[in-house]
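Notes follow the structure.
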Amino acid sequence: MKKPVEGFSKLTKEQKIEWLAENYFKNSEEGIKILKQYWNNDTGLQKLHDEFIENTISNFYLPFGVAPNFLINNDLYAIPMAIEESSVVAAASKSAKYWAGRGGFKAKVISTEKIGQVHFTYTGNKEKLERFFIYVKPILIDDSSSITRNMNKRGGGILNIELKDKTNDLDNYFQLHCTFETLDAMGANFINSCLEQFAKTFRREANNYNDFTSEEKDIHVVMSILSNYVPDCLVRAEVSCKVEELNEDKNISPTEFAEKFVQAINIANAEPYRAVTHNKGIMNGVDAVVLATGNDFRAVEAGVHAYAAKTGKYTSLTHAEIKDGIFRFRIQLPLALGTVGGITSLHPLVKLALEMLNNPSAKELMMITAVAGLAQNFAAIRSLITVGIQKGHMKMHLLNILNQLGATEQEKEYFVKYFKDKTVSHSEVVNEFNRIRA
Ligand code: MEV
């Protein structure tokens, strides 16, 4: 039976690895070798990574790829993507090229409001609380001026603070519902710092408020935290062309393609089981850009899926229609992204990814990311309604299977040719591999 370890974070990196090897690795030598294989020779860079989190023992690499030829609002972009799934960058590149020949992507930011809340309980007269709130609101804003000064100077800051009565949902539960404009920062630290100050001021002022009884003064702040649900931090991207221009797929007419495409989107809107997979495909593109640009993909994921379910039913993030002979395909989703702060100026690869995108503002990055999601969805639906998803997917996955089998470079070349006109399947690769090795 293993014993809990004391003071682990205080051990050196080597000591942590030793401890792991002793307690958890099947083959200590091999485990240590793998961990050290991923260390960076540049000690400065390694130290930077070591200090991103606690207990760093190695680095976890993901492929960093690029999808070129994205025509967005008449500018050409090469979009950086960090992702492990074989077919994602290939699919994005294919979509980019397809739409570059049909007018490109049009994108616009609809709103950029972020949200944070101070959750508290209050037992007492509600009208008195409302009167207290009117009194305290300017003090909340004043007291946080040292936090908001710089953001205010740049044109952002606190947009509003509202008192919300949530007692219908939970006994004695109220909140300060606060909205912010954080410009090019994702804003989590800024928002949380403001909220914690609001909470402090709110309690202090309640305690000194003469109209409150001693019970009413005793406001309990449960927590102060930003919300990753940002339905008013929205971006839209779209493509459109004449139906007859949807003419690249050999075995399907443009009209049938357009109609089947719209039907596929309608199915995602009608059926949550399909909608989840449909949106997962969109997030293949979104997350890859979010990661490559050093943004918080967990926050984006949580916010996007909540948005997809905002009506109470989980539906598609994309929409398609045919009207007057024009095929239109669009996405609308919330994206709270930053291009300053966080690791954006620390992580050399993130810095380079942003440079590749011409050092975008947060709004520009929202548009680029939404386009990556739309492009990914177009590629997925296009495959699904024509040749099926496995052809392209397995073609890209072929090298993974061959690597697992320990194929040589020569054998890999052979297999790429062998499967040129065939659909790749795991068993077919293994059979053929065994055959040629025999
Ligand atoms: C795979 O990662 C994503 C797809 O399943 C998306 C979809 O079905 O639309 C291909």
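The values are calculated or read from the model by the stated rules, or taken from the named source; none is laboratory data. Quick caveat: nothing in here was measured; it's all calculated off a predicted structure. Please note: Cβ atoms are built from the backbone with ideal geometry, for glycine as well, and neighbour counts cover all protein chains shown. Side chains included, ligands, DNA and RNA excluded: accessible areas come from the protein's heavy atoms. Shrake-Rupley method; radii C 1.70, N 1.55, O 1.52, S 1.80 Å.
For the reader, a short list of remarks on this structure follows.
- For L354, the accessible surface of its heavy atoms amounts to roughly 10 Å² (probe 1.4 Å, protein chains only, rounded to the nearest 10).
- Ranked by solvent-accessible area (1.4 Å probe, protein heavy atoms only, all chains present), the residues W19, W99 order from largest to smallest as W19, W99.
- Sequence-distant contacts, meaning Cα pairs under 8 Å at least 6 residues apart, place the relative contact order of the chain at 17 percent.
- Springs between Cα atoms under 10 Å define the GNM used for the chain, and in it the highest mean-square fluctuation of V290, V118, V371 occurs at V118.
- Sites S145 and D232, calculated FRET efficiency, Cβ-Cβ separation with R0 25 Å, nearest 0.05: 0.55
- Crossing angle, helix 362-384 versus the chain [Cα axis fit, 0-90 degrees, rounded to tens]: 40 degrees
- Comparing C194, C241, C233 in a Gaussian network model of the chain where C-alpha atoms under 10 Å apart are linked, the largest mean-square fluctuation is found at C241.
- Distance from segment 1-77 to segment 240-256 (C-alpha centre basis), Å: 47 Å
- The lysines within cross-link reach of K137, meaning a Cα-to-Cα straight distance under 18 Å and a gap of 8 or more places when in the same chain, are K126, K128, K164, K200, K217.
- Segment 114-226: relative contact order in percent, alpha carbon pairs under 8 Å with at least 6 residues between: 44 percent
- In summary, the convex hull built on the alpha carbon positions of the chain has an orientation-averaged projected area of 29.0 nm².
- For segment 136-173 versus segment 264-319, the gap between their alpha-carbon centres in whole angstrom: 30 Å
- Build a GNM of the chain with springs between Cα atoms under 10 Å apart, and of L352, L398, L195 the one that fluctuates most is L398.
- Angle between the chain longest axis and helix 254-270 axis [Cα atoms, degrees, rounded to 10]: 40 degrees
- Solvent-accessible heavy-atom area per residue, rounded to whole Å², over segment 114-226 at 1.4 Å: 52 Å²
- Candidate lysines for bridging to K417, where Cα separation is under 28 Å - those fewer than 8 sequence places away on the same chain excluded: K94, K97, K250, K391, K395
- Segment 393-437, accessible surface, carbon-and-sulfur percent (1.4 angstrom probe): 50 percent
- Euclidean distance of C-alpha centroids, segment 324-377 and segment 78-105, integer Å: 13 Å
- Segment 329-438, relative contact order in percent, only Cα pairs under 8 angstrom and at least six apart counted: 22 percent
- Under 16 Å from K420, Cα to Cα: aspartates and glutamates that are on another chain or at least 8 residues apart: E411, E428, E432
- Ordering R435, R236 by accessible surface, largest first, gives R435, R236; the 1.4 Å probe counts only protein heavy atoms, with every chain in place.
- Accessible surface of segment 23-131 [probe 1.4 Å, protein heavy atoms]: carbon and sulfur percent: 52 percent
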